[in-house]
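What follows is a set of notes on a single structure, which appears directly below.
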Amino acid sequence: MKITVIGLGYLGATHAVAMAELGHDVIGIEANPQKLADLQNGIVPFYEPGLDEALKNVIAKGNIKFKADHDEESRQADLHFLCVGTPQLPGSYAANTEYLHSAVKALAPYLRQDAVVAGKSTVPVGTSAILTQVLADAAGFAPHLAWNPEFLREGTALEDSLRPDRIVIGVNDEVSEQALRKVYKKILDHGTPFLVTDIPTAELVKVAANSFLATKISFINAMAEIAEVSGADAVALAEAIGYDERIGNKFLRNGIGFGGGCLPKDIRAFMARAQELGVGKAVDFLADVDDVNLRRRARVVDLLNRELGADLSGKRVLVLGAAFKPDSDDLRDSPAIAVAKLIKVTGATVVVHDPISLDHVRAQNPDFVAEQDLALAATGADAVVLATEWAQYREGHIPADLGKVVANKLVIDGRNALKVEKWQQAGWRLIALGRNVEATA
Ligand code: UDX
């Protein structure tokens, strides 16, 4: 099929490449000149394992091209995917949907009456109905507009797009359903569950799924708070409850909590939308989910104060990891950066290390010492905080190597990812969130 993908951020760029890999003829539309130039040159403007290679591959095959704006070629497309961002509005919890409005207005002059527009962005329920009106006014006819939420995770984005655990489409008409069945045919032929719903349900699926995931993480983090004052171990607790298949063992890792471009903003936008709909109480609990999440970040500073004293000025703290999770260079709402900022406020010198995102750290947080060389970063540190569990921090001889250069062998494991015994054997005092591992030293 001939398709356009509008908005080439994490979601759109991955989706465009995935669609080209499936054999479709893809036009990617991106307004940001730098991102556009990168993509045209076969460079993915963010870190996503495997995506660069896949992009080069589909460019070489001639299945994909990138443009700043629509032109007559867009009129030939049977299907247009909307993938622009819906960030949190400044000063509010609500999502900003203005980029979607601009995207449909820009598309309208090139939209064929029989073509289908499928929204993939995460939106407040009810957005599609508004966009249908905006598009109808601009195009002069009633458009086929469907909603097709995307569940990809950063770090495994391409794999998640090509082998999703389900595809959900919300449609109002047969034309939209058939177009989406056709575009995903190769994936559906593998037996991937395909759910056809009404549009509000499809819009809700994404925020409901992300709210559930956020709640699961905050649940185990709340248990970690209980564990810390009762001598229990939240990691063992998660394992024990996770064997119950109804609970499951995934998304029960306690630590400094969730971040990134989706979970934090989605739960807030959901609260704002529920308020507007007069049912704010239904998702009041998400405020607690958010609170628990923010408290776990602050817990790291409490522990540093407990170990190093109330006054941290003059102390040097190394934060390992800056991205919101490993295998990503995304700093959006990163718990690691949030923790580093909280430590910085105490007057300590904060050194940040990350395998791939230090350029972003330097650009966005000039207050931190961003050091690429791990041994240099650790030199003279009074404490080390593991904030993002990159494999390189968990493996190899890190405890021995860092032990040689730090001023004080104190490590706070904010992700419960370090091998406790290995660090203890190398002479470190290790404190892990939600656990009482000092007692086992
Ligand atoms: C999430 C959803 O998983 C995905 O389906 C959706 O499409 C977009 O939002 P992503 O933002 O890539 O994906 O990250 P995810 O893997 O969900 O992790 C989110 C955050 O939760 C990270 O900061 C991670 O460190 C944290 N996390 C995850 C925990 O703290 N504990 C866990 O057990 C799992």
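Restricting the first member to segment 226-240 and to residues that are closer than 10 Å to residue 252 by Cα, and the second to residues that are assigned to a helix (DSSP H, G or I), the beta-carbon pairs closer than 6 Å and six or more apart or on different chains are 234/223; 234/224; 234/227; 237/223; 238/220. From the list 207, 168, the lone residue that is of a type in the set (Val, Ile, Thr), more than 23 Å from residue 111 (Cα to Cα), part of a helix (DSSP H, G or I) and within 16 Å of the ligand (Cβ to nearest atom) is 207. Applying a threshold of 6 Å to beta carbon distances and a minimum spacing of six or more residues, or different chains, the list of pairs starting in segment 117-135 at a residue that is within 22 Å of residue 179 (Cα to Cα) and part of a strand (DSSP E or B) and ending at one that is open to solvent by less than 20 Å² (accessible area, probe 1.4 Å) and within 16 Å of the ligand (Cβ to nearest atom) reads 118/81; 118/148; 119/82; 119/147. Quick one: is residue 242 at positive phi and either within 16 Å of the ligand (Cβ to nearest atom) or not polar (S, T, N, Q) (or both)? For residue 242, the condition - at positive phi and either within 16 Å of the ligand (Cβ to nearest atom) or not polar (S, T, N, Q) (or both) - is not met. Within segment 249-260, restricting attention to residues that are in contact with a Gly (Cβ under 8 Å, 6 or more places away or on another chain) and within 6 Å of the ligand (Cβ to nearest atom), the residue that is farthest from residue 92 (Cα to Cα) is 252.
If you go through segment 8-38 and keep only what is under 21 Å from residue 110 (Cα atoms) and open to solvent by 10 Å² or more (accessible area, probe 1.4 Å), you end up with 24, 25, 29, 30, 31, 32, 36. Can residue 378 be described as farther than 20 Å from residue 297 by Cα and either in contact with a strand residue (DSSP E or B) (Cβ under 7 Å, 6 or more places away or on another chain) or touching a residue at least 24 places away in the same chain (Cβ under 8 Å) (or both)? Judged against the criteria, residue 378 is a match.
Does segment 147-199 hold any residues that are of a type in the set (Gly, Ala, Ser) and either closer than 20 Å to residue 17 by Cα or out of contact with any Ser or Thr (no Cβ under 6 Å at 6 or more places or on another chain) (or both), and which are they?
Those that are of a type in the set (Gly, Ala, Ser) and either closer than 20 Å to residue 17 by Cα or out of contact with any Ser or Thr (no Cβ under 6 Å at 6 or more places or on another chain) (or both): 155, 157, 161, 176, 179, 191.
Quickly run through segment 346-366 and pick out the residues that are assigned to a helix (DSSP H, G or I), open to solvent by 10 Å² or more (accessible area, probe 1.4 Å) and either in contact with a strand residue (DSSP E or B) (Cβ under 6 Å, 6 or more places away or on another chain) or free of Cβ contacts under 8 Å to residues at least 12 places away in the same chain (or both).
Result: 359, 362, 363.
Screening residue 387 on (1) within 13 Å of the ligand (Cβ to nearest atom); (2) more than 24 Å from residue 49 (Cβ to Cβ) shows it passes everything except condition (2). Annotation note: Cβ proximity below 6 Å between a residue of segment 182-211 that is closer than 13 Å to residue 165 by Cα and a residue that is surrounded by fewer than 18 Cβ atoms within 10 Å (Cβ to Cβ) and of a type outside the set (A, V, I, L, M) (sequence gap 6+ or interchain) occurs for 188/194; 193/166.
The values are calculated or read from the model by the stated rules, or taken from the named source; none is laboratory data. What you see is a predicted model, and the numbers here were worked out from it, not measured in a lab. A quick note on method: Cβ atoms are made from the backbone with ideal geometry, for glycine too, and the neighbour counts reach across all protein chains shown. These area figures cover heavy atoms from the full protein model, side chains too; ligands, DNA and RNA do not enter into them. Shrake-Rupley method; radii C 1.70, N 1.55, O 1.52, S 1.80 Å.
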